[in-house]
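Below is one structure, written out as structure tokens; comments come after it.
Rule-based calculations on the coordinates, nothing more; no lab input. Note that the structure is predicted; figures quoted are calculated from it, not measured. Here the Cβ positions follow ideal geometry from the backbone for every residue, glycine too, while neighbour counts run over all protein chains shown.
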Amino acid sequence: MIFETQVTNIGPEAEMFQQEKMLIFFGDDAPETLADYCYNIQLTPSTDEITTGMIFSFDDQAYKITAVGEVVKKNLDDLGHITLRFDGSETAELPGTLYVEDKEMPTITVGTKIAIS
């Protein structure tokens, strides 16, 4: 386990990006312009590099990581901020985006545990 946290708040517009197969996470200090669109998480630093083949999980729902943007670890550690795309891309097009396999998106509630292993 290299990263573990939980969802502390869900912005009123956070689910609107699900139709784009995308979720936005941000620590509790999300900028006002983004806060409504984010799933807030407790800021917890990761303990190692995040690489393809690892597993990103929501409680018991697991997704294989297929690509990692170059600033994912830094943004996650410093701000609790990443964008998660459920499209199975094997090339990271955006530096702050983590890509996972293309399958049904998770159900997220306040208290949902998020982990990378």
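Mind checking Rg over Rh on the chain, alpha carbons, Kirkwood formula for Rh?
Expressed as Rg/Rh, it is 0.91.
Check the chain and count each lysine pair with an alpha-carbon distance under 20 angstrom, considering only pairs eight or more places apart or from different chains.
Here the count comes out as 8.
Quick one: divide the alpha-carbon radius of gyration of the range 67-117 by 2.2 N^0.38 Å and tell me what you get.
1.17
Full-extension gain between residue 9 and residue 51, please, as 0.36 nm times their residue separation minus the C-alpha to C-alpha distance.
12.4 nm
Please check which bits of the range 32-66 a label hung off residue 117 would reach, taking the label as a point 7 Å along Cα-to-C-beta and the cut-off as backbone N under 12 Å.
Those under the cut-off are 55-63.
Given only helices, namely DSSP H runs of n ≥ 4 each adding -39500 (n - 2.57), what is the per-residue ellipticity at 222 nm of the chain, to the nearest 500 deg cm²/dmol?
The helix-only estimate for the chain comes to -2500 deg cm²/dmol at 222 nm.
Restricting everything to alpha-carbon atoms, can you work out Rg to Rh for the range 37-88 with a Kirkwood hydrodynamic radius?
On the Cα set of the range 37-88, Rg over Rh gives 0.93.
Excluding residue 86 itself, calculate the net charge of residues whose Cβ lies under 15 Å from the Cβ of residue 86, where each Lys or Arg counts +1 and each Asp or Glu counts -1.
Residues near residue 86 contribute -4 overall.
Once label points are set 7 Å from the Cα along Cα→Cβ at both residue 103 and residue 60, what is their separation, rounded to one decimal in nm?
The answer from the label model is 1.4 nm.
In whole Å, what is the distance between the alpha-carbon centres of the range 30-46 and the range 90-117?
Spelled out, the Cα-based centre of one part sits 14 Å from the other.
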